[in-house]
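In what follows, a structure is listed as structure tokens, so that the remarks can point back to it.
Just so it is clear, none of the values below were taken in a lab; they were calculated from the coordinates. All of these numbers come straight from a predicted model, not from anything done at the bench. Counting neighbours? That spans all protein chains shown, and the Cβs are built from the backbone with ideal geometry, glycine included.
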Amino acid sequence: MAIRGIGRWTAEMFLIFHLMRPNVLPLDDVGLINGISQNYFSGDPVSRSDAREVAEAWKPWCSVATWYIWRSLDPLPVTY
């Protein structure tokens, strides 16, 4: 079912944050791609297929690994 204004990225964020699905890999997320670039490729550009290959090792916890990749980009520790 297509809903206008709701795309793949929005659906993946809903799965991760609201349905708490542990194995979602949001390859359209710029933060994830940048984080993989910084943490695995010394800042070199990363393709979706490169990111998918790196994330293969994260299964079945891709959502959790994605969260850690996002946090790795924060300049200061986040206080919750």
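See the values below:
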| quantity | calculated |
| --- | --- |
| Theoretical FRET efficiency, 1/(1+(r/R0)^6), r = Cβ-Cβ of HIS18 and ALA57, R0 25 Å, to 0.05 | 0.45 |
| Point-to-point label distance, VAL78-ASN39, nm (Cα→Cβ direction, 7 Å offset) | 1.2 nm |
| Label-to-label distance, nm, for residues given as TRP70 and ILE6 (7 Å Cα→Cβ offset) | 1.9 nm |
| Of the trypsin sites (Lys or Arg not before Pro) in the stretch 1-74, those whose Cβ has at most 14 other Cβ within 10 Å and which sit in DSSP loop | ARG4 |
| Relative contact order computed over the chain (Cα-Cα under 8 Å; 6+ residues apart), in percent | 30 percent |
| Label assignment, Cα Rg over 2.2 N^0.38 Å derived from the structure, set (1) 1.05; (2) 1.62; (3) 1.13 | (3) |
| Per-residue [θ]222 nm for the chain (sum of -39500 (n - 2.57) over DSSP H runs n ≥ 4, rounded to 500) | -14500 deg cm²/dmol |
| Exposure proxy order (Cβ contacts within 10 Å, fewest to most) of ILE3, ILE36 | ILE3, ILE36 |
